[in-house]
1. Work out from phi, with θ = phi - 60° and the Karplus expression 6.51 cos²θ - 1.76 cosθ + 1.60, the ³J(HN,Hα) of each residue of the stretch 133-138, listed in order in whole Hz, and give x for Gly and Pro.
2. Which whole number in µm²/s is D for the stretch 47-101 by Stokes-Einstein, with the Kirkwood Rh taken over Cα pairs at 37 °C and 0.692 mPa s?
3. Would you list, by chain and number, the lysines whose Cα falls below 26 Å from the Cα of LYS91, excluding same-chain residues fewer than 8 positions away?
4. Ordered by packing density, taken as the mean number of other Cβ atoms within 10 Å over each peptide's residues, highest first, how do 100-112, 122-134 rank?
5. Which number do you get for Rg(Cα) / (2.2 N^0.38 Å) in the chain?
6. Counting only heavy atoms of the protein chains, get the accessible area per residue of the chain (1.4 Å probe) and round it to a whole Å² value.
Amino acid sequence: MKSPASRLTQLGHRSILTAAQIARPRTILETFDNPSPKRDYLIEFVFPEFTSLCPVTGQPDFATITITYVPGRLCVEMKSLKLYFLAYRSKGIFYEGVVNTILDDLVAVLRPRKMTVVGQFVVRGGTAAKVTAQYQPK
């Protein structure tokens, strides 16, 4: 019988992102079965070292990304999520694109009961920005 972790390819291994993974970060995300699928409970990940690039200036944008979700059948594996975030380090993308793309990718992979992604971006040019995107099936 296969271990529940047998489909996880990154956990416990040194990981180097390929050009294909950086181009399509969603492919980095790995999942495992929700151990309590009949219960609604919250999972929260806080990633205080998120970096992407301003698509206009090429300057780095720094943020804390917080993901809160109620899992459905699947949960995201944390190392794959960290690697997913690292794929953005050389991407030119606006704040709104960052947060909405993260939400879209995680919803597509996990199909959660509900999810919120918050990007709290560091002050740049005297202005701080906070972008929040939510998913709740109808």
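1. Here the 3J(HN,Hα) series is 10, 10, 10, 8, x, 6 Hz.
2. Working: Rh = 12.1 Å.
Estimated via Stokes-Einstein, D reaches 270 µm²/s.
3. Counting by Cα, and skipping residues close in sequence, LYS91 has these lysines nearby: LYS79, LYS82, LYS130.
4. On the way: 100-112: 18.2, 122-134: 11.5.
Ranked by mean Cβ neighbours within 10 Å, highest first: 100-112, 122-134.
5. On the way: Rg = 15.5 Å, N = 138, 2.2 N^0.38 = 14.3 Å.
Rg over 2.2 N^0.38 Å, computed on Cα atoms: 1.08.
6. Details: 8220 Å² over 138 residues.
Each residue of the chain exposes 60 Å² on average to a 1.4 Å probe.
The values are calculated or read from the model by the stated rules, or taken from the named source; none is laboratory data. This is a predicted model, so every value here is computed, not measured. Reconstructed Cβ throughout: ideal geometry from the backbone, glycine too, with neighbour counts over all protein chains shown. Areas reflect the complete protein model, heavy atoms only, side chains present, ligands, DNA and RNA absent. Shrake-Rupley method; radii C 1.70, N 1.55, O 1.52, S 1.80 Å.
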